[in-house]
Each structure stands twice: as C-alpha cells, then as structure tokens.
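Just so it is clear, none of the values below were taken in a lab; they were calculated from the coordinates. This is a predicted model, so every value here is computed, not measured. Because the Cβ atoms are built from the backbone with ideal geometry, glycine has one as well, and the counts that use them run over all protein chains shown.
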Amino acid sequence: MAELGSKGVTAGKIASNVQKKLTRAQEKVLQKLGKADETKDEQFEQCVQNFNKQLSEGTRLQKDLRTYLASVKAMHEASKKLTECLQEVYEPDWPGRDDTNKIAENNDLLWTDFHQKLVDQALLTMDTYLGQFPDIKSRIAKRGRKLVDYDSARHHFEALQTAKKKDETKIAKAEEELVKAQKVFEEMNVDLQEELPSLWNSRVGFYVNTFQSIAGLEENFHKEMSKLNQNLHDVLLGLDKQYSGNAFPVKAQPSDSTPAKANKSPSPPPDGSPITSPETKTVNHELEPSTLEAPGASIPKSPSQTSLPAVVVETFPATVNGTVEGGASSERADMPPGFLFKVQAMHDYTATDSDELQLKAGDVVLVIPFENPEEQDEGWLMGVKESDWIQHKELDQCRGVFPENFTERVQ
C-alpha cells in the first residue's frame with residue numbers, strides 16, 4: 001500500500017509539472033501575440049544584461065589565463081632543456097662547472113615557483129570568481145518562469161472576475177493561487193535585485209587584484225631570473241678569459257643576392273660547413289694554378305692577361321623528400337581546401353574549448369585559413385591534424401584552432 005501511495009504521489013508531481021509547463025507555454029504565446037500583457041522590469045533587465053556581459057568577460061579571461069599558463073609551462077620546459085644542454089657541453093675541467101650546475105638548478109626552481117604562484121594567486125581566484133555565476137544564472141531563469149506563472153495567475157483571476165457568470169468558489173481559488181504566485185516571484189525578485197548589482201560592482205576589484213597579482217609575480221620572476229642570467233654571464237666571461245687565445249671565427253652572413261628561405265634561415269651544420277641553398281648548386285671549375293702555367297712561362301702581371309675558364313653555375317630544381325618542387329601543385333591536390341603550410345607540435349597542448357585542437361608533441365597539423373578572417377585571434381591558427389585528414393577527408397568535424405607558439409613550421 002505504501003508503495004502504491006508513493007507511486008501515486010510521483011505521478012501527481014509529474015502531472016502537475018506538465019500542467020505548469022503547458023500553462024507557461026500558453027501564457028508566452030498570448031504575450032507574444034499581444035493578447036496578454038507582460039509584467040516588465042527594465043531595471044532588472046539591465047541587471048541581467050550586465051550579468052551576461054560580466055560572465056562573458058570572465059569566461060574569456062579564464063581561457064586566456066589558461067593559455068598564458070600553458071605558455072609559461074612550455075617556456076619552462078624549453079629553458080630546462082637549454083640549461084641541460086649547457087651542462088652537457090660544459091666540460092668538467094672548465095672553470096665554473098659547479099656554478100653552472102647551481103644556476104641550472106635555481107633556474108628550474110624559479111620557473112616552477114612562478115607557475116605555481118600563478119595558479120594559486122590567479123587561476124584559482126578566477127575559478128572561485130566564476131563559480132558563483134552558474135547558481136545565479138539558474139535563479140534568473142527560475143525567476144523568469146515564476147514571473148510567467150504570476151502573469152498567468154493574474155490573467156486567470158481577472159478573466160473569472162469579468163465573466164458573465166461568476167463562480168465565487170473559482171474566483172476565491174484563483175485569488176489564492178495569484179497571491180501564492182506573487183509571493184514566490186517577489187521573494188526571488190527581491191533577492192536578485194540585491195545580488196546582481198553587487199556582483200556587477202565586484203568585477204572592478206576582481207580585475208584589479210587579478211592583474212596586480214600577475215604583474216607582481218612577473219616582476220619578481222624577471223628580477224630573480226635577471227640575477228641568474230648575470231651570474232651565468234660572469235661564469236662564461238671567466239671561461240672566455242682563460243681560453244681567450246681560442247678565438248671563435250665569425251662567419252660572414254649571406255649576401256642580399258643569396259636566395260632566402262621563406263620562414264627562417266637554417267642553422268649551420270654541426271661540422272661548421274657553409275650553408276648551401278637547396279635550390280642552387282654552384283660548381284666552380286677553376287683550375288689549379290699549376291695547370292695554367294706552361295713550362296717556362298712567366299707569371300702574368302695581371303689576372304686580365306690570363307684567360308681563365310669561366311665559373312659555371314648550374315641550377316637544379318629544389319627537391320623535398322625526393323619530390324621536385326615544380327610538382328608542388330600535384331602534391332597539394334591531396335591537401336585540405338585552402339591549405340597554407342604544415343606545422344609540427346613541439347609541446348603537448350590541452351584543448352580548453354570545443355573549437356580547439358588537442359595536440360601531442362610531434363603531431364603534424366595542416367594549416368588552413370579562417371572562414372571569417374575577423375574571427376582569428378592574434379597568436380592562433382586554424383588547422384586539421386594530418387592524421388585526421390588522411391583518415392576522414394572531413395574538415396567540419398576535424399578542424400580547430402591552436403596556439404601558434406606551441407608549434408614549429410615545417411612546410
């Protein structure tokens with residue numbers, strides 16, 4: 001019996017909720033058609049607009065702060081690898097070996113401390129600040145539903161009062177429902193009327209505290225990092241003085257006529273051999289002096305008096321992975337529409353939004369243009385992972401944006 005009673009109560013609640021939804025839907029239709037008046041509160045509507053703007057700004061700030069933290073972490077990893085490289089090449093018998101190890105250790109600790117303090121003093125504060133919005137947003141929506149219930153009860157009561165045949169019992173019940181609906185609405189309305197302006201005004205102090213914290217942490221970080229860099233400079237200066245006789249030859253830069261890469265000049269090979277362009281190969285067939293002189297002939301006074309063989313310059317088409325560059329059009333035929341170039345992820349990137357790509361170090365991304373160039377934020381690219389494109393040939397589901405500074409251009 002108790003179980004049957006419980007099922008009856010549940011069924012009754014469901015029926016009541018369904019009836020409320022139908023009544024609200026009918027009331028909204030009548031209001032849109034102009035057949036029923038709607039209670040308006042312009043001051044509250046302005047508060048709601050401010051609330052939505054504040055939520056949008058806070059969400060954007062949170063996203064950009066997470067991107068900033070990811071960049072700090074990436075810089076930490078890059079700095080750590082650089083100092084590890086210095087430790088490996090710094091030979092044990094060189095002066096300042098222990099100092100370089102200590103500097104590398106302090107460098108790592110400084111980056112770790114900087115990142116952690118940014119999380120504690122900025123990101124967690126941001127999460128707490130945004131944590132209050134979902135509850136208020138749901139209460140605003142609930143207030144809107146209760147306002148519709150109030151208008152509906154008011155219209156029902158007025159209709160019974162103006163009817164030709166008045167039913168006092170129905171009028172009394174309608175009046176009771178109207179008072180009840182008005183009370184529920186006004187209680188929620190009063191609370192929100194107090195909270196929304198207070199929340200709106202709090203944004204100023206929050207923004208000030210957040211950016212002051214970030215600025216202060218950056219200032220201290222760069223001060224301490226500057227000291228470490230000065231210490232490293234002094235250590236290397238001491239090394240230079242001890243080995244001052246071994247001068248490092250500075251190679252001449254290529255002339256303006258030398259074809260340049262589109263993106264950046266390649267690093268010199270480890271063996272110190274000069275960099276050659278992949279597009280042009282120069283063959284110098286200049287003969288040795290001994291082959292130019294006949295036996296017993298005198299040395300010319302001027303180079304112009306000797307007819308030397310001309311320098312032959314042979315130009316070959318550039319090849320990439322064995323493919324002639326002239327065939328680029330055929331190579332791009334299997335690329336996404338509007339394909340620009342390729343990049344490779346140097347670090348992992350965790351997507352923080354549905355329109356972003358999740359990257360792992362080593363992933364190759366095919367960069368494509370934004371459909372609307374005005375939507376492109378500075379430092380962000382649009383692309384599709386090469387593996388996804390090869391497998392699906394579908395842009396709508398695979399493409400996304402990603403931070404450019406997490407990648408390196410490879411084509």
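Computed quantities for the displayed model
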quantity: Gln376/Ala159 FRET efficiency (R0 45 Å; Cβ-Cβ; nearest 0.05); calculated: 0.20
quantity: Point-to-point label distance, His392-Gln49, nm (Cα→Cβ direction, 7 Å offset); calculated: 4.0
quantity: In nm, spacing of pseudo-spin labels at Asp334 and Asp127 (7 Å Cα→C-beta vector); calculated: 4.4
quantity: Computed E for Lys180/Ala25 - FRET, C-beta separation, R0 25 angstrom, nearest 0.05; calculated: 0.75
quantity: Cα-Cα over 21 Å, subset of Lys63/Lys142; Lys40/Lys164; Lys142/Lys180; calculated: Lys63/Lys142; Lys40/Lys164
